[in-house]
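Data block below; observations after.
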Amino acid sequence: SAARMADVVGIAVAAAYSVGRTGCWAVGDDYGRPWNSPLAVAFPEGAPPSTAENMSRMFGIDLPPTVNPSQVIAVHPTQLYEAAFLGFLTWLLIRWRRNGVADLDVVGRYLLLAGAFRFALEFLRINVRVAGPLTVAHLFAMGIAVVGLMMMMRARLTTAGRTSPG
């Protein structure tokens with residue numbers, strides 16, 4: 001069925017997306033806001049490099065005027081946060097599927113949780129803001145989460161319809 005195919009594909013997409021985010025980290029793409037921590041990462045050769053000039057000019061990050069524009073700034077490694085979350089989510093999806101959770105419900109859970117996580121993570125990422133504090137990725141993540149919630153509701157209605165006396 002289409003729900004079973006979506007379930008299997010959803011788990012594979014979560015796993016592949018987790019690995020893909022490590023690729024974004026390796027090339028210095030989709031990183032986070034400036035961060036002063038031992039876990040922060042700098043991307044001098046990133047796409048784009050995490051320089052003060054790029055942070056300010058491209059993403060509107062306010063830095064002290066004394067910061068040299070060519071200085072490479074350490075940032076949140078948001079790609080690794082997302083990779084770790086998606087790896088954990090893949091494990092959960094497999095576990096739910098093995099425990100008999102309905103296919104449509106598993107896919108819905110994936111979309112809801114992945115969308116909610118990305119929405120929250122986007123506040124740490126540098127990205128062009130298009131609607132106040134929100135980015136295009138925020139809007140997309142909200143849409144994905146809503147689709148996931150609708151799939152979960154449909155799965156539960158379908159299951160309830162099969163088990164009700166009749």
inquiry  = For a quick check: with amide H placed at 1.01 Å from N, whose amide H comes under 5 Å from GLN71's, ignoring anything fewer than 5 positions away on the same chain?
reply    = ALA52, GLU53
query = Distance in nm between label sites at ASP62 and SER37, each 7 Å beyond Cα in the beta-carbon direction?
reply = 2.2 nm
task = Would you list the membrane-span-like helices of the chain, meaning whole DSSP H runs whose alpha-carbon atoms span at least 24 Å along their axis and whose mean Kyte-Doolittle value is at least 0.0?
result = 2-27, 78-98, 103-121, 136-163
note = Computed over the chain, the relative contact order (Cα-Cα under 8 Å, seq sep at least six) in percent reads 26 percent
query = Considering every pair of different Cα atoms, what Kirkwood radius, in Å, is found for the stretch 118-157?
reply = 11.0 Å
task = Give the label of the value calculated from the structure for percent of Cα pairs over 24 Å apart, choosing from (i) 45; (ii) 52; (iii) 38.
result = (i)
request  = For the stretch 43-113, list log₁₀ I(q)/I(0) at each q in 0.17 Å⁻¹, using the Debye formula over Cα point scatterers of equal strength and ignoring solvent, two decimals each.
outcome  = -0.68
inquiry  = What figure, in Å² to the nearest 10, do you get for the accessible area of VAL128 with a 1.4 Å probe and non-protein molecules left out?
reply    = 80 Å²
request  = Kindly provide the Kirkwood hydrodynamic radius of the stretch 83-166 in Å, to one decimal, from all pairs of distinct alpha carbon atoms.
outcome  = 14.0 Å
message = Springs between alpha-carbon pairs under 10 angstrom, Gaussian network model over the chain: which of PRO65, PRO133, PRO49 fluctuates most?
response = PRO65
ask   = What are the semi-axes of the equivalent ellipsoid of the stretch 1-94, taken as the square roots of 5 times the eigenvalues of the Cα gyration tensor, listed largest first and rounded to whole Å?
value = 35, 12, 10
task = Hand me the GluC sites (Glu not before Pro) from the stretch 44-149 located in a DSSP loop with no more than 12 other Cβ atoms within 10 Å, in residue order please.
result = GLU45
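The values are calculated or read from the model by the stated rules, or taken from the named source; none is laboratory data. As the structure is a computational prediction, the values presented were derived from the model and not from experiment. We place every Cβ from the backbone using ideal geometry, glycine too, and count neighbours over all the protein chains shown. Protein only, heavy atoms only, side chains kept; ligands, DNA and RNA dropped before computing areas. Shrake-Rupley method; radii C 1.70, N 1.55, O 1.52, S 1.80 Å.
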